[in-house]
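Following: one structure in structure tokens, then a few remarks.
The values are calculated or read from the model by the stated rules, or taken from the named source; none is laboratory data. Since the structure is predicted, the reported quantities are computational estimates derived from the model, not experimental observations. With ideal geometry, Cβ positions are generated from the backbone for all residues, glycine too; neighbour counts draw on all protein chains shown. Please note that ligands, DNA and RNA were not included when accessible areas were found on the heavy atoms of the full protein model with its side chains. Shrake-Rupley method; radii C 1.70, N 1.55, O 1.52, S 1.80 Å.
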Amino acid sequence: RAAKSQWLASQLAGPGDFAALAAAADTGHAAGDAAALIKHLGRRAKTAVELDRAMGAREAGYEVATLAIIRADAAPPNKAHLLVGVPASRAGALAGLRLAAASTPGVDVACSV
């Protein structure tokens, strides 16, 4: 596995770094004394992986929105976001999606790249 964007690839020190980041993003749950820290680090890693995907799409000419589709506290670990992309020439289509998401209970616009 490798970074999807030049943005993230330029920040990684070595070829195995993205695989480690992706593994951390998939491990956002644990029990015991370190559970809160592991959950926090897993969510941060997942955010970095999602931003990498969004930036990769953006670098390829897409406009991208990242939506939280389930409230974070009710979601399975690190599985609460949806990336939506359209060709940059149709970027206006995302404006309607952002408005709909903002007015729908349980759906939040998390960020837009």
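Take segment 31-57 and flag every residue that is of a type in the set (Lys, Arg) and out of contact with any helix residue (DSSP H, G or I) (no Cβ under 6 Å at 6 or more places or on another chain). Before you say what the answer is, go through the steps one by one.
Residues of segment 31-57 of a type in the set (Lys, Arg): 39, 43-44, 46, 53.
Of everything in segment 31-57, those that are of a type in the set (Lys, Arg) and out of contact with any helix residue (DSSP H, G or I) (no Cβ under 6 Å at 6 or more places or on another chain) turn out to be LYS39, ARG43, ARG44, ARG53.
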Matching residues in segment 13-38 (of a type outside the set (A, V, I, L, M) and under 15 Å from the mean Cα position of the chain (by Cα)) number 4
If we only count helices (runs of 4 or more DSSP H) wholly inside the chain, which ones have 3 or more residues that are open to solvent by 60 Å² or more (accessible area, probe 1.4 Å) and modelled with pLDDT of 80 or more?
-> 35-59
